[in-house]
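Only the coordinates and a few stated rules stand behind these numbers; no lab work does. All values derive from a computational prediction rather than experimental measurement. With ideal geometry, Cβ positions are generated from the backbone for all residues, glycine too; neighbour counts draw on all protein chains shown.
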Amino acid sequence: MTTALVPTGHSRVWWASPQQPPADTVTGVLSPPELERALRFHRDADRRRFLTACLLLRMAAAAHLDIAPHQVHVERRCPDCGKPHGKPHILHTPSPLYASVSHSGDRVAVALSTAGPIGVDVEQIPDAPVNELIRSALTPAEQDIVRSMPEQNQHAAFTRIWVVKEAVLKATGHGLRIPPRHVHVSHPYQPPALLEWPLDIPVEHLRLQALDPGVGYAGMIATIADVAPVTVTESEVGDLARMPFSELGIAA
């Protein structure tokens, strides 16, 4: 059954709500670096989102690989400082299995791909003014587009642009080490596309697809692949029916 979970050339996203998993589940499934990082979160909401993402990543990978969640080898290693944070990598797999996670508000996303490196991003559309974010994160052309809209529409427009930038930079593993204002993307209400960035990877190799995280959110997945198309499917966590979710403390 595992060959059909994330078929060759596909990317798949699972959605969940942040939960407080049982303590025995957390200690029995997560790695010591993951447990240590969870303890460093001061806010309970941030800790729940992190733990849910870690568990969901292991469950999805375990279902694909037909192993137990604690047997999934997940490595996060910052290329700058070497500490165990940043883009997750699934190790010791029969064939490459690429991963990415994101969480915001009440949405947690985990993505797996057999097509190429991926980046997934979900963001809650803010209620507060985004003027400073517009100045710091958008190119001059993108700023003009957003500012041309009614003020009540600028929050959603900015977020739609932001998730594209975040997804493509997470796909490469650079993240925000590359300033988002150096990445130029398409109009927020046109099909998502990467137009220009400072990396050597051709922009046409970034396969982008908008996701559906629900009302009040924007989501995007980026897959680096020189072959098109890349099929993307979305599922709720309950679709991983073979896994004991009631014990793992994760809900859709």
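When the charge dipole of region 2-235 is built from unit charges on Cβ atoms (+1 for Lys and Arg, -1 for Asp and Glu) and taken about the Cα centre, the candidate among Gln20, Pro32, Leu57 whose Cα reaches farthest toward its positive end is Pro32. The relative contact order of the chain, computed from alpha carbon pairs under 8 Å that lie at least 6 residues apart in sequence, is 24 percent.
Compute the separation of the alpha-carbon centres of region 2-81 and region 146-199 and state it in Å as a whole number. What the calculation gives is 26 Å, centre to centre. Note on Tyr189, Tyr217: ascending count of other Cβ atoms within 10 Å places them as Tyr189, Tyr217, the fewest first. Residue separation of Ser235 and Asn131 scaled by 0.36 nm, minus their Cα-Cα distance, works out to 34.0 nm of gained length. Here r is the Cβ-Cβ distance between Ser95 and Val203 and R0 is 25 Å; the resulting FRET efficiency, rounded to 0.05, is 0.40. In a simple Cβ point-charge model (Lys, Arg +1; Asp, Glu -1; nothing else charged), the chain has a dipole of about 460 debye relative to its Cα centre.
Compute the Rg/Rh shape ratio of region 2-235: radius of gyration over Kirkwood radius, all on alpha-carbon atoms. Before the final figure, lay out each step's value.
Values: Rg = 17.5 Å, Rh = 18.2 Å.
Radius of gyration over Kirkwood radius for region 2-235 works out to 0.96.
By how many nm would the segment from Ala210 to Asp80 lengthen if fully extended, with 0.36 nm per residue of separation less the alpha-carbon distance?
Numbers: separation 130, 0.36 × 130 = 46.80 nm, distance 3.00 nm.
Between Ala210 and Asp80, full extension yields an extra 43.8 nm.
Considering only beta bridges that DSSP places wholly inside the chain, some 85 percent are antiparallel. Between amide H atoms placed 1.01 Å from N, distances below 5 Å from Gln209 occur with Ile221, all of them 5 or more places distant or on a separate chain.
Which loop-located trypsin sites (Lys or Arg not before Pro) does region 42-106 contain, where loop means any DSSP state but H, G, I, E or B and the Cβ has at most 11 other Cβ atoms within 10 Å? If you can, show how the numbers build up before the last one.
Values: sites: Arg43, Arg47, Arg48, Arg49, Arg58, Arg76, Arg77; in loops: Arg43, Arg77.
Sparse-neighbourhood loop trypsin sites (Lys or Arg not before Pro): Arg43.
Does region 51-110 classify as rounded, prolate or oblate by the C-alpha gyration tensor (a ≥ b ≥ c root eigenvalues; a/c under 1.5 gives rounded; else a/b over b/c gives prolate, otherwise oblate)? Taking the square roots of the gyration eigenvalues as a ≥ b ≥ c, region 51-110 is oblate.
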